[in-house]
Amino acid sequence: MPIQIDSDNLEARLLKLLMKGENITLKEAAKELNVSTSKLERVVKSLVSRGIISIDELPDKKYLRLKRSDIQFHGTNPSQEKTLKRKRSKKAKEKGSKKSREMMYR
């Protein structure tokens with residue numbers, strides 16, 4: 001049975017990085033993902049406890065290795081995302097209001 005992971009969290013970003021197949025250290029991964037090393041260590045510990053990745057420790061570096069390849073990413077459906085209301089700029093409001101005034105007084 002494949003492992004399902006949300007596609008928008010740090011775990012998914014790390015797993016996608018490891019799926020590229022490169023040997024990467026913990027510090028390199030933290031730099032690549034723009035997070036602190038301590039925050040990434042917590043995520044790595046949870047993935048190690050679930051048996052998804054492993055840590056190959058050398059005296060000066062910790063290499064991350066993907067153990068399983070049956071991972072599915074899921075996220076929000078684009079049709080479910082809330083649409084953003086865009087505010088009109090002041091210039092657009094002024095242009096729109098001038099046109100309506102001109103039409104009223106003709």
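Within region 68-81, can one find any residue that is in contact with a Ser or Thr (Cβ under 8 Å, 6 or more places away or on another chain), in contact (Cβ under 8 Å) with a residue 12 or more places away in the chain and basic (Lys, Arg)? So far as region 68-81 goes, no, none of its residues is in contact with a Ser or Thr (Cβ under 8 Å, 6 or more places away or on another chain), in contact (Cβ under 8 Å) with a residue 12 or more places away in the chain and basic (Lys, Arg). Within region 14-53, the residues that satisfy the criterion of being surrounded by 14 or more Cβ atoms within 10 Å (Cβ to Cβ) and under 17 Å from Ser69 (Cβ atoms) are Leu14, Leu15, Lys16, Leu17, Leu18, Ile24, Leu47, Val48, Ile52, Ile53.
Evaluation of Ser79 against the conditions (1) modelled with pLDDT of 60 or more; (2) assigned to a loop (DSSP other than H, G, I, E, B); (3) over 22 Å from Ile3 (Cβ atoms) shows that the sole unmet condition is (1).
When Val48 is tested against (1) in contact (Cβ under 8 Å) with a residue 12 or more places away in the chain; (2) part of a helix (DSSP H, G or I); (3) closer than 20 Å to Gln72 by Cα, just one condition goes unmet, and that condition is (1).
The lone criterion from (1) modelled with pLDDT of 90 or more; (2) surrounded by 11 or more Cβ atoms within 10 Å (Cβ to Cβ) left unmet by Arg68 is number (1). Among the residues making up region 22-45, those that are of a type outside the set (A, V, I, L, M) and touching a residue at least 24 places away in the same chain (Cβ under 8 Å) are Asn23, Thr25, Lys27, Lys39. All conditions in (1) within 18 Å of Leu58 (Cβ to Cβ); (2) modelled with pLDDT under 90; (3) of a type outside the set (A, V, I, L, M, F, W, C); (4) in contact with a strand residue (DSSP E or B) (Cβ under 6 Å, 6 or more places away or on another chain) hold for Pro2, with the sole exception of (1). Is one or more of the residues making up region 23-42 modelled with pLDDT under 90 and not aliphatic (A, V, I, L, M)? Yes.
The values are calculated or read from the model by the stated rules, or taken from the named source; none is laboratory data. What you see is a predicted model; the values in this text were computed from it and never measured. When we count neighbours, we look across all protein chains shown, and the Cβ atoms used for this are built from the backbone with ideal geometry, even at glycine.
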